[in-house]
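Enquirer: The structure is given below, and queries will be raised subsequently.
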Amino acid sequence: MFQRPPNFSLADLNRAQLDSMADAGATIMECYRVLRKGGLNIVGEVLRDQGTFYELEHYPKDDVFDPDSHSQYYYHAHRSDAGEHGHFHTFIRQPGMPNDMLPVSHDGDEIWPTGDQALTHLVGVAMDAYGFPVSLFTTNRWVTGEAWYRAADIIELLDRFCIDHAFPSWPVNIWVTHLLVLFRPQIEWLLLERDKVVQQWQQDHSDADVYEDRNLDITSAVAINVEAQIRCVMNLLED
């Protein structure tokens, strides 16, 4: 079930934000162009030379990591009933965060990753069978085994996400980096909504550790369309 951000309008953005999104959109379309010319797509590139595709396995093996930005992503599948082929999970690891950025306090039994192993989930990107993104979503802590940071802190990290190398695919890494720019407003809303959902769930289920509750996995989601987002941005820039 996808949620439409209430009173959400790109018209509220300033010129600099729209210009950044327009540039990101043009870059994404160029990625699609070069992939299409070779008969390829985003998902196919991630799965290339990875052998049999198994649910829950990470692709590519050992994930994709940028040692300079400490950005990370992987692709996998386990929600075939959700109308998707699979999805990307994107992260920033602790060394890529400001020194004073800390996870929320937690007194549960589950051990969270700490130090250089700590990471925060930025956003998930669901893909269709043709290799195109169809939705963005956030998740509860247990889903990715992250440390839990406040939405406001994660929003500060979005500009730091960058995969600046060619493994497993240069077009894919450019695409995922710029997708988070093109849909920055939606991602910010999703993260803020995530915190509201978790807070409400905690109030309604006070006897359980909300971050480990298997009944709460997807905390916010919204359908997306790259071409429609680009058209909206360009129309606003022309006004």
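Bear in mind these aren't lab numbers, they're just calculated from the coordinates by the rules spelled out. All values derive from a computational prediction rather than experimental measurement. Counting neighbours? That spans all protein chains shown, and the Cβs are built from the backbone with ideal geometry, glycine included.
Enquirer: Relative contact order for the chain using alpha-carbon pairs under 8 Å, separation at least 6, rounded to a whole percent?
Expert: Once normalised by length, the contact order is 26 percent.
Enquirer: Quick one: order 114, 138, 52 by neighbouring beta-carbon count within 10 Å, fewest to most.
Expert: 52, 114, 138
Enquirer: For the pair residue 57/residue 203, report the inter-label distance in nm, with labels modelled 7 Å from Cα in the Cβ direction.
Expert: Output for this residue pair reads 4.5 nm.
Enquirer: Can you put 177, 27 in order, fewest other beta carbons within 10 Å first?
Expert: Fewest-to-most ranking of 177, 27: 27, 177.
Enquirer: Let me ask something else. Could you work out how much longer the chain between residue 231 and residue 196 gets when fully extended? Use 0.36 nm per residue separation minus the Cα distance between them, nm to one decimal.
Expert: Working: separation 35, 0.36 × 35 = 12.60 nm, distance 3.04 nm.
Taking residue 231 through residue 196 to full extension adds about 9.6 nm, to one decimal.
Enquirer: Using only DSSP helix segments of four residues or longer, with each worth -39500 (n - 2.57), what per-residue ellipticity at 222 nm results for the chain after dividing by its residue count and rounding to 500?
Expert: -11500 deg cm²/dmol
Enquirer: Set the Förster distance to 35 Å, then compute FRET efficiency between residue 170 and residue 215 from the Cβ-Cβ distance, nearest 0.05.
Expert: On the way: r = 40 Å, r/R0 = 1.15.
For residue 170 and residue 215, the calculated efficiency is 0.30.
Enquirer: Run the simple label-point estimate for residue 110 and residue 8 please: 7 Å along Cα→C-beta, distance reported in nm.
Expert: About 2.5 nm separates the two model spin labels.
Enquirer: Net charge around residue 237, counting only other residues with Cβ within less than 15 Å of its Cβ (Lys, Arg = +1; Asp, Glu = -1)?
Expert: Neighbour charge sum, excluding residue 237 itself: -3.
Enquirer: For residue 128 and residue 23, what does the FRET efficiency come to when R0 = 25 Å and r is the distance between their Cβ atoms, rounded to the nearest 0.05?
Expert: Plugging the Cβ-Cβ distance into 1/(1 + (r/R0)^6) gives 0.50.
Enquirer: Provide 21, 127 in ascending order of the number of other Cβ atoms located within 10 Å of each residue's Cβ, fewest first.
Expert: Result, fewest neighbours first: 127, 21.
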